[in-house]
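Okay, structure first, notes after.
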Protein chains: 2
Amino acid sequence: MGLIVQKFGGTSVGTVERIQNTAERIIEEIINENQVVVVVSAMGKTTDQLVSMAKQLSENPSKREMDMLLSTGEQVTISLLSMALAERGYDAVSFTGWQAGILTEEVHSNARIVDIQTEKIKHHLDSNQIVIVAGFQGVTVNGEITTLGRGGSDTTAVALAAALKADKCMIYTDVTGVYTSDPRYIPAARKLESISYDEMLELANLGAGVLHARAVEFAKNFQIPLEVCSSMVREPGTIIEEEVTVENNLIVRGVAFEKEITRITVFELEKGLQNLSGIFTALAEKNINVDIIIHNQAATENAYLSFSIKSEDLKETIEVLEGYQENRVFEHFEYETGLAKVSIIGSGMISNPGVAAQMFEALAAGNIRIKMVSTSEIKVSAVIDENEMVNAANILHKTFELDTVKEEIKN
Amino acid sequence: MGLIVQKFGGTSVGTVERIQNTAERIIEEIINENQVVVVVSAMGKTTDQLVSMAKQLSENPSKREMDMLLSTGEQVTISLLSMALAERGYDAVSFTGWQAGILTEEVHSNARIVDIQTEKIKHHLDSNQIVIVAGFQGVTVNGEITTLGRGGSDTTAVALAAALKADKCMIYTDVTGVYTSDPRYIPAARKLESISYDEMLELANLGAGVLHARAVEFAKNFQIPLEVCSSMVREPGTIIEEEVTVENNLIVRGVAFEKEITRITVFELEKGLQNLSGIFTALAEKNINVDIIIHNQAATENAYLSFSIKSEDLKETIEVLEGYQENRVFEHFEYETGLAKVSIIGSGMISNPGVAAQMFEALAAGNIRIKMVSTSEIKVSAVIDENEMVNAANILHKTFELDTVKEEIKN
C-alpha cells in the first residue's frame with residue numbers, strides 16, 4: 001500500500017462524462033490498495049469563459065480579483081468529482097486550496113507555494129477517504145486567495161506529493177507520455193519510457209507543453225518520481241526521475257521546436273556593458289522574455305548584439321529599443337521575423353562533446369542555414385528559417401537515432 | 001454619511017451588462033457620501049447550471065459537496081462586480097463568506113448564521129473601499145463551506161447590516177417594491193410605501209416571493225430598516241420597518257394567494273391525540289409542509305382531521321398516511337386537489353375584529369365557497385376552489401380598499 005498523488009488537467013475533467021472516467025481512474029488506485037490524493041484543474045473551457053467575462057468588464061482587471069474569479073473553476077471540479085466518487089460508493093472529500101492548507105507568497109496570479117499544512121489531508125486519508133484538492137490555488141497568511149500561474153495544478157500536485165512524502169505523483173493529461181518530439185509534426189516520434197528531471201526541464205522550457213517547468217523543478221528538488229500518462233488510454237506513461245535509466249547509445253533524448261521567433265540585432269554599441277544591461281532590464285520589466293543572446297565584444301571601438309525574442313513581443317521590444325536609441329546607446333537596430341528554434345536535448349551530451357558539431361553538420365547537409373546558436377550542458381538550440389523548422393526537426397530526430405525504439409536498460 | 005448594505009439578487013447581476021448597471025447603483029450611494037457593503041447572489045442561471053451538472057453525476061449528491069459547488073456562484077459575481085467598480089475608478093474589494101467572517105452552524109445546505117466577525121470588513125470600509133461580500137454562504141468553525149438555503153443572500157445582507165449596525169439594508173430585485181397584491185393577476189395592485197416586519201413576514205410566508213421570511217425575521221429581531229426596490233428602475237421602493245406608519249383606515253395591507261393546494265381529510269380517528277402528532281412528525285420528516293389544520297375533537301368517540309398541503313407533496317403524503325392506516329390509527333382518508341388559498345394581511349386587524357367576517361361576506365357575495373379557514377392576529381386565509389382564486393383576490397383587494405392610493409401619514 002502506497003500513497004499516490006494523481007493530477008488531472010482541464011481536458012480530463014472537461015465534461016461530466018470525463019469526470020466519470022476520471023473517477024474510474026482514481027478507483028483503480030484504491031482497488032490497488034493505495035491511499036490517493038487527487039489534484040484537479042478547472043473544467044476545460046471554464047477558465048477561458050471566466051477570463052472573457054472579466055475582460056468585458058475591465059481591460060486590465062486587478063490580479064487579486066482575477067484570482068478570486070479563476071479559483072472558482074477548480075472548486076467546481078473538486079465537488080463534482082467528489083460526487084462522482086460517492087455515487088460509485090467511494091468516500092471522497094473535496095478541499096479548496098485554503099482548506100487544504102496550501103500557503104503561498106502574498107503575490108497574485110503567479111504565487112509560489114511556501115508551505116503546505118498537511119494535518120487535515122492526513123486526517124482524512126487516515127479515515128480511508130479519497131482527498132480531492134483544487135489545483136492552481138492557495139491562500140496567503142492573511143486569508144487572501146492566490147493562484148499559482150501557468151501549470152499551477154501540476155505544481156500543486158508535486159508540492160502535495162513532496163509534503164505528504166507520496167510514493168509517486170501521476171500527471172494525467174491528453175497525451176500518453178513524453179515523446180522524443182511532437183508527433184503532430186514528426187511522424188517517427190515515439191514515447192519515452194523515462195526521462196530525467198533535467199531533460200524534462202529543458203523540454204518544458206523549449207515549449208513541450210506536457211508539463212510546466214516549475215512543477216518539474218519542484219519534483220527534482222524533492223526527488224518526487226513523476227509519471228506523465230493519458231487519462232483516456234490505459235498504457236504506461238513516461239517516468240520522470242533522477243537519472244536512473246541509461247539508453248543504449250542514446251545521447252539525445254528529444255527534439256523540441258518553436259516557431260514565431262524574431263532576431264533583433266543592435267549595431268554600433270557604445271563602448272562598455274553598463275548600458276547593455278539597461279536594455280535587458282527594460283525588456284524584463286515589460287515581461288519580454290529574451291532567449292538567445294550573442295554579444296560580439298571585439299577589440300574594435302564598437303560592438304554589436306543579437307538576441308532572440310518571441311515574435312508576439314516584437315512591438316514592445318521596438319518601443320523599448322527606440323527609447324534607448326534616443327540616448328545614443330547604439331547607432332541603429334534591425335530585426336528579422338519568421339524564424340524558428342530547433343533544439344536537441346539529452347543528459348548524455350555532457351560527456352559527448354561532438355553532439356553540437358553533429359547537429360550543425362546534419363542541418364548543413366539538409367541545406368538549412370543556422371542563424372543563431374545557444375548551448376547548455378544538456379541541450380543545443382539553433383535558430384533557423386521558420387519554413388525549415390519541421391524539416392530540420394525531422395532531420396535531427398533521424399540523425400540522433402530517435403526514430404527507432406531501443407531497449408532501455410534500468411540500472 | 002451613513003453605512004448602507006445593498007443586496008443585489010441573481011437577476012440584477014445576471015449578465016455583464018447588468019453587473020455594470022449594478023456598479024452604477026453602488027456608485028450613486030458612494031457619491032451620496034455613504035459607506036457601502038454590497039451583498040450579491042450568483043449570476044442568473046449559474047446555480048441551475050451547477051445543479052444540473054451535479055444531478056448528472058449523482059441522484060442524491062452530498063449536501064457538503066453541493067455547498068462546495070454552489071458557493072462558487074457568488075464568488076464569480078463578487079469578483080466581476082469588484083472589477084466593474086475598479087474600472088469606473090472606485091476602489092472595491094471582494095470577500096467570500098469565509099473571508100467576510102460569516103460563521104454558521106455546522107449544517108450543510110440550510111445553515112443559520114451564528115456570528116459575523118466584522119473586523120476585516122470594518123477595516124476595509126475605514127480605508128474607503130467598497131466591500132463586496134458573497135451572499136448565501138458561510139463557514140463553520142472547522143473551515144467547512146456552508147450555504148444558507150433559499151433566500152440566503154437576503155439573510156446575509158440583513159445579518160451584515162445588523163452586525164455592522166448599518167443605517168439601512170436595501171434589497172434590489174426585479175420588482176419596484178412590495179405590492180398590495182400580485183400585479184400580474186390584480187390589475188389594481190399598487191406599490192406600498194411602507195409595511196411592517198410582521199406584515200411582510202406573513203406576506204413572505206404566503207408566497208409573495210420578493211423577500212425570504214428568514215431575512216425579514218432577522219431584520220425584525222435587530223430592527224434593521226429594509227427597503228425593497230428595483231435594480232433597473234430608479235424610484236423609491238417599499239420600506240419595511242417597525243410600525244411607524246399609519247395608513248388612514250387601511251386595516252388590510254395586502255392580498256396574497258397561492259394555487260395548487262390539496263386538502264386531506266382523515267376520518268374516524270382513534271381517540272386521543274398521541275397518534276395525531278405521529279402523523280405530523282412523519283410528514284415533517286419527509287419535508288412536507290402542512291399548512292392549515294382543522295381538528296374536530298368533539299365529544300363523540302371518534303374525530304376527524306383536515307389539513308392542507310401543497311399539491312406537489314400529495315404523493316408522499318399519501319404514502320405516509322397509508323403507512324399509518326395499516327396501524328388502524330384511522331378509518332380512511334380522502335383528498336381534494338385543485339384548491340387555492342387566498343389571504344388578507346394587515347397589522348390593523350388586531351384591533352378590528354370584524355375583518356374576517358367582512359372577508360367571508362365579500363366572498364359569499366361573489367358566490368365563492370370557503371372550504372377551510374385559518375387566522376392569525378394579522379391575517380386571515382381561506383381555502384377555495386383554484387378557478388375562483390383570481391376572482392376572489394380581486395374582490396378582496398377592492399373590498400378592503402387597496403385599489404385606491406391613500407395618503408400615508410408618518411408618525
Charge dipole of chain A about the Cα centre (unit charges at C-beta), most positive-ward option of A:ILE293, A:ILE368, A:SER194: A:SER194
Amide hydrogen neighbours beyond the local backbone of B:SER230, cut-off 5 Å, H modeled: B:THR173, B:GLU235
Of all DSSP beta bridges in the protein assembly as shown, antiparallel share, percent nearest 5: 65 percent
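Using the crude model of +1 on Lys and Arg Cβ and -1 on Asp and Glu Cβ, and no other charge, please compute the dipole size for the protein assembly as shown relative to its Cα centre, in debye to 20.
Working: 70 positive and 116 negative charges, 48 e Å.
In total the dipole reaches around 240 debye.
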Region B:335-411 versus region A:122-157: alpha-carbon centroid distance in Å: 57 Å
Unit charges on C-beta of K, R, D, E only; dipole of chain B, Debye: 460 debye
Relative contact order, percent, region A:3-174 [alpha-carbon distance under 8 Å, six or more residues apart]: 30 percent
Whether region B:254-399 is rounded, prolate or oblate, judged on the alpha carbon gyration tensor where a/c under 1.5 counts as rounded: prolate
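Kindly identify region A:148-237 as rounded, prolate or oblate by the Cα gyration tensor criterion: order the square roots of the eigenvalues as a ≥ b ≥ c, call it rounded if a/c is under 1.5, otherwise compare a/b with b/c, prolate if a/b is larger, else oblate.
On the way: a/c = 1.84, a/b = 1.51, b/c = 1.22.
Prolate, because a/c is 1.5 or more and a/b exceeds b/c.
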Quarter of the Cα convex hull surface for chain A, i.e. its orientation-mean projected area (nm²): 22.6 nm²
Cα principal axis extents for region A:3-174, largest first, Å: 49, 33, 23
Solvent-accessible area per residue for region A:254-399 (1.4 angstrom probe, square angstrom): 51 Å²
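Accessible area lost on pairing B with A, both sides, 1.4 Å probe, Å² to nearest 100?
By this definition, chains B and A bury close to 3300 Å².
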³J(HN,Hα) computed for each position of region A:124-137 - Karplus, 6.51 cos²θ - 1.76 cosθ + 1.60, integer Hz, glycine/proline x: 6, 4, 5, 8, 6, 9, 7, 9, 10, 10, 5, x, 6, 10
Label geometry 7 Å along the beta-carbon vector: B:GLU28 inter-copy distances in nm: 5.9
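So, with a 1.4 angstrom probe, what is the percent of accessible area on chain B that is carbon and sulfur? Walk me through the numbers before you get to the answer.
Values: 8320 of 17870 Å².
Its accessible area is 47 percent carbon and sulfur atoms.
Report, in debye and to the nearest 20, how large the dipole of region A:3-174 comes out about its Cα centre when Lys and Arg carry +1 and Asp and Glu carry -1 on their Cβ. Please list the in-between numbers first.
Values: 14 positive and 21 negative charges, 43 e Å.
Dipole of region A:3-174, to the nearest 20 debye: 200 debye.
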Value of relative contact order over chain B, rounded to a whole percent, pairs C-alpha under 8 Å and six or more apart: 14 percent
Charge dipole of the protein assembly as shown about the Cα centre (unit charges at C-beta), most positive-ward option of A:HIS124, B:ALA213, A:VAL13: A:VAL13
With Cα atoms, 0 to 90° folded angle of helix B:314-326 axis to chain B main axis: 50 degrees
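Only bridges whose two residues both fall in chain B count here: according to DSSP, what percent of them are antiparallel, nearest 5? Provide the component values of the computation, followed by the final result.
Numbers: 47 of 75 bridges.
For chain B, the DSSP antiparallel bridge percentage is about 65.
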Shielded residues, region B:93-112 - accessible-area loss of 30 Å² or more between chain alone and all protein chains, probe 1.4 Å: B:SER94, B:TRP98, B:GLN99
Amide H contacts under 5 Å for A:ILE288, placed H, 5+ residues apart: none
At 7 Å out from Cα toward Cβ: B:TYR324 inter-copy label distances (nm, ascending): 8.8
Fluctuation leader among B:TYR172, B:TYR197, B:TYR324 - chain B, Gaussian network, Cα springs under 10 angstrom: B:TYR324
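Averaging sequence separations of C-alpha pairs under 8 Å and six or more residues apart, then dividing by the length of region A:254-399, give the relative contact order as a whole percent. Intermediate results must be reported in sequence, preceding the final value.
Working: 252 pairs, mean separation 46.1, N = 146.
Relative contact order, region A:254-399: 32 percent.
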Distance between region A:167-223 and region B:39-54 - C-alpha centres, whole angstrom: 38 Å
Charge-dipole axis of region B:26-99 as Lys and Arg at +1 and Asp and Glu at -1 on Cβ define it, positive-most pick from B:MET66, B:SER94, B:VAL38: B:MET66
Simple label model, 7 Å out from Cα along Cβ direction - A:ALA357 to B:ALA282, nm: 9.5 nm
Per residue Cα convex hull volume in Å³ - calculated over region A:192-243: 75 Å³
Closest Cβ on chain A to the rotation axis that carries it onto B (distance rounded to whole Å): A:THR72, 2
Prolate/oblate/rounded call for the protein assembly as shown, Cα gyration tensor, a/c under 1.5 rounded: prolate
Ascending list, in nanometres, of distances separating the B:MET232 label from those of the other copies (7 Å, Cα toward Cβ): 4.3
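The values are calculated or read from the model by the stated rules, or taken from the named source; none is laboratory data. Keep in mind the model is a prediction, meaning the values are calculated, not measured. Virtual Cβ from ideal backbone geometry, glycine too; neighbours counted across all protein chains shown. Accessible surface areas use protein heavy atoms only, side chains included; no ligands, DNA or RNA. Shrake-Rupley method; radii C 1.70, N 1.55, O 1.52, S 1.80 Å.
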